[in-house]
Each structure stands twice: as structure tokens, then as C-alpha cells.
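Just below is one structure, and these are the notes that go with it.
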Amino acid sequence: KPLQFHRTAVSTWGWRFITHFILLSYVVPLSLFITLEVNKGLQVLFISMDLCLSVFDENLSERRYCRPKTSNLTSQLARVKYIFADKTGTLTENSMMFVGG
């Protein structure tokens with residue numbers, strides 16, 4: 001006599017739960033990824049409109065705002081531990097210019 005599996009209400013619910021969990025396990029990370037990207041875009045928008053990050057340009061007689069060029073700017077700013085400045089308080093710029101030819 002072959003082994004027969006009788007489906008009860010509990011086993012049917014269990015199989016449906018497992019099936020839905022397997023099928024929907026790809027939807028949650030995708031929606032989370034989309035939500036995080038939208039939040040990064042909104043943070044870039046708020047950074048670009050912030051008055052504390054703007055400066056008045058006297059030559060053009062207009063206010064110049066910050067222009068973030070990457071959406072990962074906020075996560076990169078969180079990693080800054082030290083800012084080096086010289087005696088005058090200006091930030092040091094570590095740039096190398098190519099001279100010659």
C-alpha cells in the first residue's frame with residue numbers, strides 16, 4: 001500500500017506559507033533597494049538646496065549652491081573622521097599639476 005499524504009487545513013496553510021515566502025523573498029529586497037535609492041535622491045536634493053552650504057558669489061551677484069555629483073555622498077560624508085587645515089584655517093588641497101610636455 002503506497003504512503004498517502006492527507007492534506008489537512010494546517011498542512012495546506014503551511015505549504016502555502018512556504019510557497020509565498022519563497023516567491024516573495026525576491027520582492028522585499030527589490031522594494032528595499034528602490035526605497036533606499038529614492039531616499040538617496042531626496043538627500044541629494046536637500047543638500048543642493050541647503051542655504052548653509054551655499055555661498056554668495058560677488059562676481060556674478062548670485063548665490064551659488066552645492067552641487068552633489070553622486071548619490072552616495074551622504075554615506076561617504078559619514079566616513080569622514082578628520083579634516084586637515086593649515087594655520088590660516090583653509091582646507092589643504094592635495095593636487096598635483098602636470099608641468100611640461
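The values are calculated or read from the model by the stated rules, or taken from the named source; none is laboratory data. Just so we're clear, the structure is a prediction, and the values are computed from it rather than from any experiment. Cβ sites come from the backbone with ideal geometry, for glycine too, and all protein chains shown count toward neighbours. Quick note on the areas: whole protein, heavy atoms, side chains included, nothing else; ligands and nucleic acids left out. Shrake-Rupley method; radii C 1.70, N 1.55, O 1.52, S 1.80 Å.
For segment 25-70, which positions are open to solvent by 80 Å² or more (accessible area, probe 1.4 Å) and of a type in the set (Asp, Glu)?
The answer is 58, 62.
Which of the residues that make up segment 6-24 are modelled with pLDDT under 80 and either of a type in the set (Ser, Thr, Tyr) or touching a Ser or Thr at 6+ places or on another chain (Cβ under 8 Å) (or both)?
Matches in segment 6-24: 8, 11.
Within segment 30-62, restricting attention to residues that are in contact (Cβ under 8 Å) with a residue 24 or more places away in the chain and of a type outside the set (Lys, Arg), which residue is farthest from residue 72 (Cα to Cα)?
Among residues in segment 30-62 that are in contact (Cβ under 8 Å) with a residue 24 or more places away in the chain and of a type outside the set (Lys, Arg), the one farthest from residue 72 (Cα to Cα) is 47.
Evaluate segment 41-57: report whether one residue or more is in contact with a helix residue (DSSP H, G or I) (Cβ under 6 Å, 6 or more places away or on another chain) and not aromatic (Phe, Trp, Tyr).
Yes - at least one qualifying residue is present in segment 41-57.
Would you check which residues across segment 55-78 are part of a loop (DSSP other than H, G, I, E, B) and at pLDDT 75 or above and list them?
Correct list: 58, 59, 60, 61, 65, 66, 67, 68, 69, 70, 71, 72.
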